[in-house]
Each structure stands twice: as C-alpha cells, then as structure tokens.
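Each remark here refers to the structure printed beneath this line.
A short reminder: the numbers here are calculations on the coordinates, not readings from a lab. Just so we're clear, the structure is a prediction, and the values are computed from it rather than from any experiment. Counting neighbours? That spans all protein chains shown, and the Cβs are built from the backbone with ideal geometry, glycine included.
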Amino acid sequence: MTDRPPIVYIVDDDDAVRSALALQLETEGFQTQGFASAREFLESCPVNCRCQGCVILDLQMPDMDGLSLQRQINERGITLPIIFISGHGTVPDAVRALQDGAMNFIEKPIDREILLACVRKALVQDSDERSRAARKTSIEQRLNQLTAREREIMSMIVGGTANKVIASDLGISERTVELHRSRILHKMGVRNAVRLTQLVVSLQD
Amino acid sequence: MTQRISDQGVGITSPNKVQHTDPFADDPKVSASVLDVAGVFVVVLDPTGRITYFNVTCEHATGYTAKEMVGTYVWDKLIVPEQRQAVENVFHDLVRQPGVQEHENYWLTNSGKLICIHWSNTSILGTGGEVRWVIGTGLDITEKKRVQNQLEEQAAKLRAVVETAVDGIITIDERGIIESVNPAAERLFAYPADELIGMNISTLMPAPYREEHDRYISDYLDSGDAKIIGIGREVRGLSRDGRIFPINLVVSEVSLPGKRLFTGIVRDISDRQLIEKRERQRLAEHAHAARLAALGEMASGIAHELNQPLAAIVSFADACRNLIDKEEIPRDIMRDALAQISEQGVRAGDIIRRLRQFVRTGTLDREVVNLNALINDVLAMVAHEIHLNEVDVKLRLKEYLSSVWADKLQIEQVLLNLVRNAIEAMEDSPKHGLLIESTEDDNQMLVRIQDSGCGLETAPENLFKAFYTTKEKGTGLGLSISYSIIEAHGGTLSANSNDDGGATFWFSLPAADDIE
C-alpha cells in the first residue's frame with residue numbers, strides 16, 4: 001500500500017464555497033483537492049484510482065448534479081466515501097443519496113464539528129475499506145494457487161469433515177488426505193484448519 | 001238634417017216640383033225612396049212585433065224579400081234562437097215604455113251569416129197614447145265589431161304576455177314618472193303596482209345610477225343623445241326592502257300623438273352576475289395562490305442561493321480561527337480569507353435585494369379601473385361571509401370617483417384581502433361593523449376599510465412584513481403582498497388602530513390621468 005496521505009476531494013461549482021471548504025479543511029490538517037464540476041472530477045479520477053480519501057459533493061450543480069455524479073462514481077467502482085452538501089436539501093434527495101451509499105448529507109452553511117466528524121469518519125471508512133479489499137485480494141491470490149483436488153478437499157475441511165470421512169468419500173488413503181491438507185495450509189498461509197475456515201468465511205463477507 | 005235630406009230627395013225624385021212644398025207630405029214615394037237609399041236598415045213593427053215594413057237595405061243584407069217578411073214576427077227568422085227571448089224582451093219594454101232606445105243585436109241572414117246591427121228604435125204613438133208602430137233603424141257594424149274584437153284580442157294577448165313576463169316591464173313618461181308596471185316589476189322591486197305608478201323610476205336605482213339615469217333622460221330629451229335608448233345597460237336596482245341587485249335595463253321609446261313614453265324592460269341578472277363573480281373570485285384566488293406558490297418557490301431558491309455565501313463565510317471564518325491558533329500566523333492567507341468573508345457578505349446582500357425587486361415588480365396588466373365598482377364586486381364576492389358573520393356593511397363611496405390605472409385583478413386581490421381580514425378580525429368581537437369609504441383628494445383615490453374587530457396586535461410597521469402573522473392559519477404573506485401590489489401601482493397601504501377599537505386599513509392610488 002502507498003503511504004500517501006488521504007485527500008478530501010471537494011466538488012462544488014461555487015468557487016467561494018469550494019475554496020473556503022478547502023482552506024478550512026487544510027487548516028484542520030487535511031489535504032484537499034477542488035473540482036468545479038462533476039465532469040472535472042471524473043476526468044481527473046481514473047477508474048480504480050488508488051488515491052485514498054473521501055469526496056465532498058455539492059448536490060446542486062449545473063450540467064451533472066451530485067446524485068448523477070454519485071451514480072457515475074459507483075458505476076466506475078470508485079469506493080471513495082461520499083459526503084453530500086446542499087444549500088436546500090430536500091428529503092427525497094437525501095433519501096436517494098443515502099440509499100445509493102452516501103455517507104452523510106450535510107446542509108449549508110456547514111457546522112464545523114459536523115463537517116470534521118463526517119470527514120474523519122469517511123476517511124476511517126475509506127482506509128478500512130481499502131485494507132479489507134487488500135486482504136481480500138491477497139486471499140484470492142492464494143486461493144488461485146490451489147489445484148482442483150486441493151480446493152475440493154479444502155471445502156470439505158472448512159465444512160468440518162474429518163480426514164477419515166474425506167478419505168473414504170474420495171476413495172483415497174487417509175495418508176494422502178493428510179498430505180493435501182498440509183499443502184493447502186501452507187499455500188493459504190495459515191497454521192491450522194480453524195484459521196483456514198476464518199479466512200474462507202471472511203472472503204464471503 | 002231633415003231639411004238637407006228632403007232637399008236631396010227633391011233633387012232625385014222630382015226635380016220639376018216646386019221646392020217650397022213638403023215632399024214627404026206631398027208624395028209617400030219620397031219617404032219610401034229615402035228609406036231605401038239611406039243605407040240604413042229600417043223596419044217597422046206593429047205593437048205585437050210583426051214586421052209591417054222591411055226596406056231595401058234590409059232585403060239586400062238579409063237575402064229575404066219584404067214580401068216574405070211582412071207579417072212575420074221580427075224574431076222568427078232573423079234572430080238566432082238563443083237570443084230570441086232577449087230581443088222579445090227589448091221589444092216589449094219599448095212598447096210598454098215608449099221612447100228612443102238603442103241596442104245591438106245580430107241578424108241571421110238567409111245564407112246563415114250573422115250581421116251585427118246597431119239599432120236606434122222609437123215608437124210612434126196613436127191618438128190615444130197607445131203604441132201604433134215601432135220603428136227600428138239600424139247600422140251594419142259587423143266590420144267595425146270585427147276590428148274591435150280583433151283589437152281587444154290583441155290587447156288581451158299583449159296583456160297576457162306583459163302580465164306573465166319574467167322580465168319587469170315599466171313604462172315611464174318624459175319626466176321618468178312611472179305610468180304602468182307589470183307583476184314581474186312589482187315582484188322585482190317589492191312594491192305594489194299602485195305605489196310604483198306615479199313614482200320616479202330613479203327611486204328604483206341606488207346611487208350613483210340614480211343620478212346617472214336622470215341625467216341620461218334629460219340629455220336625451222335635450223339633445224337626442226341616446227345613451228340609454230335601445231341599448232341594454234347593466235345597472236343596479238334598489239328594491240323597497242333596500243336590496244341592491246344587478247339588472248339589465250333596455251329602454252325603448254314609444255311616440256304617441258302629443259306624448260312620448262319610454263318602456264323599460266328590466267331583467268334581474270343576479271344569477272348571471274353571481275356566476276361571473278364566482279369565476280372572477282376563483283381567478284383572484286387563483287392569482288393569489290399562484291403568487292404565494294411563486295413566492296414559496298422563490299423563497300426556496302433564495303434559501304439555496306443565500307446558503308452559498310453563508311457556507312463560504314462560515315468555512316472561511318472557521319479556517320481563520322484555525323489559522324490564528326497557529327504559532328506562525330500565515331497573514332496572507334488570513335487576509336485573503338477575511339477579504340473573502342466580506343465579499344461573500346456583500347454577495348448575500350445582493351441576493352436579498354434581488355428578492356425584494358422580484359416581489360415588487362410582478363408584471364402589471366393595467367386597465368382603467370373604477371374603485372367603487374371594484375368595491376361592490378368584492379363585497380359581492382364575500383357576500384356569504386358577510387351574511388354568515390352578520391357583518392353590518394356601510395358604504396360611503398364618493399360619487400363620480402375618478403378611475404385609476406391599475407391591474408384590476410391585483411387591486412381586487414388587495415381589496416378582497418383587506419375585507420376578509422376585517423371580517424375575520426371581527427369574528428370574536430361583539431360589534432360587527434364594516435365601513436368602506438372611498439374619497440378623492442388631490443388626484444389620489446383613497447379607500448378606507450374600517451372594522452370594529454380586535455384592532456392591531458402589533459405596531460403597524462410590522463403588519464406588512466413578509467411571514468408576519470397573528471392568525472393561526474395565516475401565511476403572513478397576504479398583507480405583505482397587498483403592500484407590494486399597492487406600492488407597484490404607485491400608491492401606499494397603511495393601517496392603524498381605531499380609538500374606539502378595531503382597525504382601519506387604507507390605501508391610495510393615483511388617478512388614471514395622473515399617470516404618465
């Protein structure tokens with residue numbers, strides 16, 4: 001993982017609001033980057049961008065509004081948490097935004113404490129999400145090293161089937177099962193069957 | 001007369017005779033000729049009623065010959081059976097009490113036709129004073145009778161139409177004095193006919209139509225300028241019980257020898273006007289609602305717009321607070337942030353100014369408007385509320401009030417709003433007096449609406465602020481909209497509490513010809 005600090009992306013067509021938010025967050029110790037439109041943000045943010053942070057998104061913008069941008073972000077698989085800000089948020093807008101996975105919905109003018117709490121929470125969520133994704137990727141990589149036979153036996157082990165039963169079910173010796181088992185544990189990088197089960201279950205979350 | 005007939009008789013019958021002798025005495029044929037050519041019916045009856053003489057005119061008219069008739073009773077062939085007894089009675093009366101007597105009866109001719117005859121009868125007495133002959137001379141009045149009957153029938157038909165007409169029909173003379181009325185007019189104005197007849201027609205109209213009508217009639221008589229003749233006009237009627245109602249009046253002129261009459265047909269158009277009023281009211285209320293909706297939409301838009309500079313100000317200020325806590329204050333950044341704060345404050349002010357401008361300058365659809373008429377219209381719109389709340393409405397409207405150049409619907413909205421407020425303010429008040437007054441001063445029309453309600457619960461200057469209300473269901477926009485409407489028309493709207501309770505609202509509008 002890169003050690004680059006997280007960035008708060010601010011998408012608001014109002015120059016004053018955008019630069020004020022940027023200055024405010026910078027004085028709170030965050031790094032920010034401003035965009036004057038949804039399009040500008042999408043162009044500078046490649047698919048699966050590795051950047052960490054969160055997006056503060058104005059609900060009402062010309063051309064593409066916040067909700068449309070949120071859909072685009074989701075479609076592109078960008079996992080950055082989104083905080084909506086709005087001059088006059090309507091209830092239906094807020095509901096839609098939250099249903100589509102927005103973290104928060106803050107009304108302008110923005111209360112400092114609420115803003116800081118939301119940004120911090122979003123950044124924590126982003127880094128959690130990132131490490132979970134990283135772990136998932138590494139587990140998947142390890143799974144890919146298993147042979148078909150090993151996968152078959154692994155699912156039986158995870159299902160709690162005893163070696164003796166596996167041997168008789170598959171028509172092989174118990175000794176062979178033992179050999180497969182130790183190879184599986186080695187390839188998956190775990191010490192015992194309990195850890196293996198935890199790993200496989202975590203993948204299904 | 002006798003002399004002249006005898007002269008003629010002489011001329012026709014015996015031109016060679018000496019003129020100074022009496023031809024009737026001289027020759028019986030003279031009398032007979034006269035009787036035959038005079039063109040009148042002549043019959044001579046004996047005291048029992050038998051015909052002894054039947055002249056040529058009788059023969060021609062009846063188709064019977066004298067020969068046939070002489071010796072028969074006069075009522076035998078010539079009188080229809082139903083009248084026979086009556087004719088006999090007339091005859092016997094004449095015999096009992098001799099003298100000259102006139103009557104009419106019908107003769108039945110040989111061909112079955114009836115002819116109407118006007119008779120002058122007399123009796124010739126004998127030496128003993130007894131009746132010797134009864135002489136009847138008659139004129140054929142069949143045609144005259146027919147025309148008369150026809151006229152009577154026409155008159156009766158006309159009377160029936162007039163009597164049963166739904167519209168009031170009134171005839172007046174040149175001075176406007178009522179000469180006749182039909183039952184519909186009696187019903188309409190709640191006066192009996194005998195009271196109406198002789199009254200001046202203008203008594204049936206409230207001011208200002210009353211004066212207007214008198215003027216129209218005198219204008220017409222003076223100059224022939226027919227402002228009201230032949231054209232239907234909408235005016236107001238005033239009934240005996242004080243009810244004022246809209247009527248359509250059509251006046252036509254009837255010229256009779258030596259006399260001019262005017263006929264007025266009066267139709268009560270309350271119903272039609274009610275429908276129109278409702279429609280107008282609906283429109284006015286719709287306009288009010290649309291205005292409120294537009295305001296609401298605008299308020300929401302304004303909220304968003306205002307929140308932008310506010311959000312910037314708040315964030316910049318928070319940033320400055322953070323910056324000032326730093327050991328080394330970045331002065332440039334802070335100066336910039338503070339400049340932004342003041343700039344955003346100005347921006348917020350601009351937005352509010354735009355809002356005020358929008359409220360003030362809705363587009364006006366101006367026309368010439370008579371405020372008195374508008375007041376009456378609005379009162380008609382709230383007639384139901386007035387009745388329901390038992391409000392005692394007094395009008396003190398200046399006659400011939402100058403017109404204003406205004407958006408009728410908007411001014412109507414203002415009046416409706418003020419009158420409704422007044423009525424609502426009096427709901428819990430013991431007194432329910434509403435006075436509406438119109439005056440004119442220095443080219444300014446002034447309308448005052450005075451109620452006897454709870455009075456103003458706040459300083460007058462708060463009243464016209466948007467979103468200020470003391471009503472449970474009020475939006476607090478009615479008076480502020482009224483205020484901006486009057487302001488947009490170049491007038492003013494003010495209010496104060498009355499000394500004896502209640503409140504007075506008044507607005508002024510410039511006269512139509514005072515606006516460039």
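Values computed for the structure shown
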item: Chain B - mean residue ellipticity at 222 nm from DSSP helices (-39,500 (n - 2.57) per run, n ≥ 4, rounded to 500); result: -15000 deg cm²/dmol
item: Packing-based ranking, highest mean first, of A:113-122, B:81-90, B:402-411, B:149-158 given that Cβ atoms within 10 Å are counted; result: B:402-411, A:113-122, B:81-90, B:149-158
item: HN-Hα J in Hz across the range B:435-448 - Karplus 6.51, -1.76, 1.60, θ = phi - 60°, x for Gly and Pro; result: 10, 10, 10, 10, 9, 9, 8, 6, 6, 10, 8, 10, 10, 10
item: Sparse-neighbourhood loop sites, trypsin sites (Lys or Arg not before Pro) in the range A:142-205 - DSSP loop, at most 15 other Cβ within 10 angstrom; result: A:R191
item: Built amide H within the under 5 Å cut-off of B:D392, gap 5+; result: B:H432, B:G433, B:L434
item: Cut-off 11 Å between beta-carbons: net charge of the residues surrounding B:I436, Lys and Arg +1, Asp and Glu -1; result: +1
item: Whole-number percent relative contact order across chain A, with pairs defined as alpha carbons under 8 Å at least 6 apart; result: 14
item: On Cα atoms only, tilt of B:28-37 relative to the major axis of chain B in degrees; result: 20
item: Ascending count of other beta-carbon atoms within 10 Å, so fewest first, for B:E424, A:E40; result: A:E40, B:E424
item: Residue list for the range B:130-151, given a label point 7 angstrom along the Cα-to-Cβ vector of B:L114 and an amide N cut-off under 17 Å; result: B:140-151
item: For peptides B:478-490, A:97-109, A:12-24, sequence by mean Cβ density within 10 Å, most packed first; result: A:12-24, B:478-490, A:97-109
item: Global geometry of the protein assembly as shown, whether rounded, prolate or oblate, following the gyration tensor of its Cα atoms and the 1.5 cut on a/c; result: prolate
item: Karplus (6.51, -1.76, 1.60) ³J(HN,Hα), θ = phi - 60°, over the range B:108-118, in Hz, Gly and Pro reported as x; result: 9, 7, 4, 8, x, 7, 9, 10, 8, 10, 9
item: Cα centroid of the range B:303-317 to Cα centroid of the range A:10-80, whole Å; result: 18
item: Sites matching GluC sites (Glu not before Pro) across the range B:303-338 that sit in DSSP coil, with at most 16 neighbouring C-beta atoms within 10 Å; result: B:E327, B:E328
item: Within 10 Å of each Cβ in B:341-349, the average number of Cβ atoms from other chains; result: 1
item: Per-residue mean of C-beta atoms belonging to partner chains within 10 Å, peptide A:76-87; result: 1
item: Virtual spin-label span in nm between B:Q154 and B:K394, 7 Å along Cα→Cβ; result: 5.6
item: Estimated dipole of the protein assembly as shown in Debye, rounded to 20 [Cβ of Lys and Arg +1, of Asp and Glu -1, Cα centre]; result: 3420
item: Within 10 Å of each Cβ in A:99-111, the average number of Cβ atoms from other chains; result: 3
item: B:V346/B:R260 FRET efficiency (R0 60 Å; Cβ-Cβ; nearest 0.05); result: 0.15
item: Counted charge near B:V42, where neighbours are those whose Cβ lies closer than 14 Å (Asp, Glu -1; Lys, Arg +1); result: -3
item: Check: the range B:38-146 dipole with +1 on Lys, Arg Cβ and -1 on Asp, Glu Cβ, in debye; result: 140
item: Cα long-axis angle, helix A:148-158 against chain A (0 to 90 degrees, to the nearest 10); result: 80
item: For chain B, size of Cβ-based charge dipole, Lys and Arg +1, Asp and Glu -1, in debye; result: 1100
item: Amide hydrogen neighbours beyond the local backbone of B:N182, cut-off 5 Å, H modeled; result: B:I169
item: Positive dipole terminus of the range A:1-144, leading residue within A:G34, A:G87, A:T137 (C-beta point charges); result: A:T137
item: Restraint check, A:K164/A:K187; B:K277/B:K408; B:K29/B:K77; A:K108/B:K326; B:K67/B:K144; B:K29/B:K113, Cα-Cα greater than 24 Å; result: B:K29/B:K77; A:K108/B:K326; B:K67/B:K144; B:K29/B:K113
item: Charge dipole of the range B:165-268 about the Cα centre (unit charges at C-beta), most positive-ward option of B:N182, B:I197, B:S239; result: B:S239
item: Positive minus negative residues near B:I411 (Lys, Arg vs Asp, Glu; Cβ under 13 Å); result: -3
item: Folded to 0 to 90 degrees: helix B:331-360 orientation relative to chain B principal axis, Cα; result: 10
item: Over the range B:165-268, relative contact order from alpha-carbon pairs under 8 Å, at least 6 apart, %; result: 29
